[in-house]
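K.L.:
Just passing along the structure, written as structure tokens.
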Amino acid sequence: MHRISTLRVSPLCLGGNVFGWTADAATSETILDAFVDGGGNFVDTADSYSTWVPGHRGGESESIIGGWLRSRANRDRIVLATKVAKHPVHRGLRPANLRICLDGSRRRLGIDTIDLYYAHEDDPHVPTVEWVGAFDQLVRSGAIRHYGLSNFTPERVNEVIDIATAEGLALPVAVQPQYNLVHRAEVEGGLAAVCAEHHLALVPFYGLAAGFLTGKYARGEAVHGARAARVRGYATDAGFDVVDAVVSIGEEHGVEPATIALAWLRQQPGVVAPIASATSVEQVAAILAAGELKLTRAQVNRLTKVSAPFA
């Protein structure tokens, strides 16, 4: 187990963005069961999942997780993270909006206290001291245990820390950026240093680059599927060079490419628990295996070198 402030979390976090989208409720529950049975305890979702699907209103993922928590009666075994600010109807970090969205998330999840509540994106229209103060009040009231920042620049993370410190407000404990072998510059270009300076846990999303790093896409072939629009940006010659290396090292260890991609991410400075999602129960084992596998220094260097175009 690893620590995010007072929270003890598994070395991999299960992403809930697919629940109610590419994984129906029944499949999602079997995925969650397999993750917990394999030693995982850290689950990530958001109130905006999955508003991009026609006919969805948001909260679908939270509702599925909430139903699973009630049916399994295992709330005390799970560290649960959700997010606020990107729901198209309730966008932003106005304090009133935070309270409305928090109540909705707690109702759908069926819980009184959220372990880790992220600002899903920055909001330049609200004074920082106001929304940081609102998160502080939520911590003090017991509605949330901790809060974090997702999709924030290094400059803004520093500013949040400075304001919270000056005002005596609760500090964020985690940062959630995109980070993987084909998307490195955002973290390595400054965010990792900021997190190290302020002792913030890095909990990166898209650890598998929307599935691109699982090796299921072939060089020179058209990209299809629910995540095709997100994957196409990675599907370059340089991107497939990275996939080839991931697949090759996976063969050396006798594990899935996904395990290698996540293991590399786990071994980067400051990373506490990469987030990866699964659309079938069979994919969970590869995610969990990354929590145990340690790549050799030569393998880490090989992956770091081949992915240098993305740094």
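The values are calculated or read from the model by the stated rules, or taken from the named source; none is laboratory data. Just so it is clear, the model here is predicted, and its values are computed rather than measured. Glycine also receives a Cβ, built like all others from the backbone with ideal geometry; neighbour counts cover every protein chain displayed. Only protein heavy atoms, including side chains, enter the accessible area calculation; ligands, DNA and RNA are left aside. Shrake-Rupley method; radii C 1.70, N 1.55, O 1.52, S 1.80 Å.
K.L.:
Could you give the spread of the C-alpha atoms of the chain along their three principal axes, from largest to smallest, in whole angstroms?
P.N.:
That works out to 51, 41, 35 Å along the principal axes.
K.L.:
With runs of 4+ DSSP H residues as the only contributors, calculate the mean residue ellipticity of the chain at 222 nm using -39,500 (n - 2.57) per run, divided by the residue total and rounded to the nearest 500. It would help to have the intermediate numbers written out before the result.
P.N.:
Working: 11 runs with 123 residues, N = 311.
Rounded to the nearest 500, the figure is -12000 deg cm²/dmol.
K.L.:
At 0.36 nm per residue, and after removing the present C-alpha to C-alpha distance, how many nm does the segment from residue 125 to residue 228 gain when stretched out fully?
P.N.:
Once the chain is fully extended between residue 125 and residue 228, it gains 33.8 nm.
K.L.:
Right, next: Quick one: which of 291-301, 24-34, 251-261, 156-166 comes out on top by average Cβ neighbours within 10 Å, and what's the full order, highest first?
P.N.:
The densest-packed peptide leads the list: 251-261, 24-34, 156-166, 291-301.
K.L.:
Just to be sure I understand: of the beta bridges DSSP finds with both ends in the chain, what percent are antiparallel, rounded to 5? Please report the intermediate quantities before stating the final value.
P.N.:
Numbers: 5 of 30 bridges.
Taking every DSSP beta bridge with both residues in the chain, the antiparallel ones total about 15 percent.
K.L.:
Taking square-rooted eigenvalues a ≥ b ≥ c of the alpha carbon gyration tensor, is segment 104-165 rounded, prolate or oblate, where a/c under 1.5 means rounded and, failing that, a/b exceeding b/c means prolate? Mind showing how you got there, number by number?
P.N.:
Details: a/c = 2.21, a/b = 1.75, b/c = 1.26.
Here segment 104-165 falls in the prolate category.
K.L.:
If you don't mind, another one. For the chain, with all protein chains present and a 1.4 Å probe, just round the carbon and sulfur fraction of the accessible area to a whole percent.
P.N.:
Details: 6550 of 12870 Å².
Carbon and sulfur: 51 percent of the exposed surface of the chain.
K.L.:
If you don't mind, another one. Taking 0.36 nm per residue of sequence separation and subtracting the Cα-Cα distance, how much length would be gained by fully extending the chain between residue 238 and residue 185, in nm to one decimal?
P.N.:
Numbers: separation 53, 0.36 × 53 = 19.08 nm, distance 1.49 nm.
Gain on extension, residue 238 to residue 185, equals 17.6 nm.
K.L.:
Can you give me the Kirkwood hydrodynamic radius for segment 51-169, using every pair of distinct Cα atoms, in Å to one decimal?
P.N.:
One decimal place: 15.0 Å for the Kirkwood radius.
K.L.:
Along its three principal axes, how long is segment 119-254 when you only count alpha carbons? Whole Å, largest extent first please.
P.N.:
Principal axes ranked by extent give 54, 29, 27 Å for the Cα atoms.
K.L.:
Along Cα→Cβ, 7 Å out, is where each label goes; now give me the distance between the ones at residue 253 and residue 163 in nm to one decimal.
P.N.:
Label-label distance for residue 253 and residue 163, simple model: 4.0 nm.
K.L.:
Give me the distance in nm between label points sitting 7 Å out from Cα along the Cα-to-Cβ direction at residue 103 and residue 311, one decimal.
P.N.:
About 5.0 nm, to one decimal.
K.L.:
What ranking of 125, 87, 56 comes out by heavy-atom accessible area, probe 1.4 Å, highest first? Intermediate values should be presented prior to the final figure.
P.N.:
Details: 125 160, 87 20, 56 55 Å².
Highest to lowest solvent-accessible surface, that is 125, 56, 87.
K.L.:
Something else about it: Can you figure out the FRET efficiency of residue 53 with residue 216, using R₀ = 22 Å and their beta-carbon distance, to the nearest 0.05?
P.N.:
It comes to 0.55.
K.L.:
When the chain is modelled as a GNM with alpha-carbon springs shorter than 10 Å, which of 266, 75, 145 fluctuates the most?
P.N.:
Most flexible of the set in this elastic network: 75.
K.L.:
Same structure again: Looking at segment 190-299, which chymotrypsin sites (Phe, Trp or Tyr not before Pro) are in a loop (DSSP not H, G, I, E or B) and have at most 11 other Cβ atoms within 10 Å?
P.N.:
Details: sites: 205, 206, 212, 217, 234, 240, 264; in loops: 206, 217, 234.
When the chymotrypsin sites (Phe, Trp or Tyr not before Pro) of segment 190-299 are filtered for loop state and at most 11 Cβ neighbours within 10 Å, nothing remains.
K.L.:
Further, regarding this structure: Which of rounded, prolate or oblate describes segment 141-188 when judged by the alpha-carbon gyration tensor and an a/c cut-off of 1.5?
P.N.:
Oblate.
K.L.:
When a/c is below 1.5 the answer is rounded, else prolate if a/b is larger than b/c, else oblate, so apply that to segment 1-111 with a ≥ b ≥ c taken from the square roots of the Cα gyration tensor eigenvalues. Mind showing how you got there, number by number?
P.N.:
Working: a/c = 1.91, a/b = 1.30, b/c = 1.46.
It comes out oblate by the Cα gyration axes.
K.L.:
Suppose each label sits 7 Å from its Cα in the direction of the beta carbon; what would the residue 298-residue 199 distance come out to in nanometres?
P.N.:
My value for the distance between the label points is 3.9 nm.
K.L.:
Related question: How much area per residue is accessible in segment 150-262 when the probe is 1.4 Å and only protein heavy atoms are counted (Å²)?
P.N.:
Ligands and nucleic acids excluded, the figure is 41 Å² per residue.
K.L.:
What aspartates and glutamates does residue 86 reach when the alpha-carbon gap must be under 17 Å and sequence neighbours fewer than 8 apart in one chain are set aside?
P.N.:
44, 47, 60, 62, 103, 121, 122, 123
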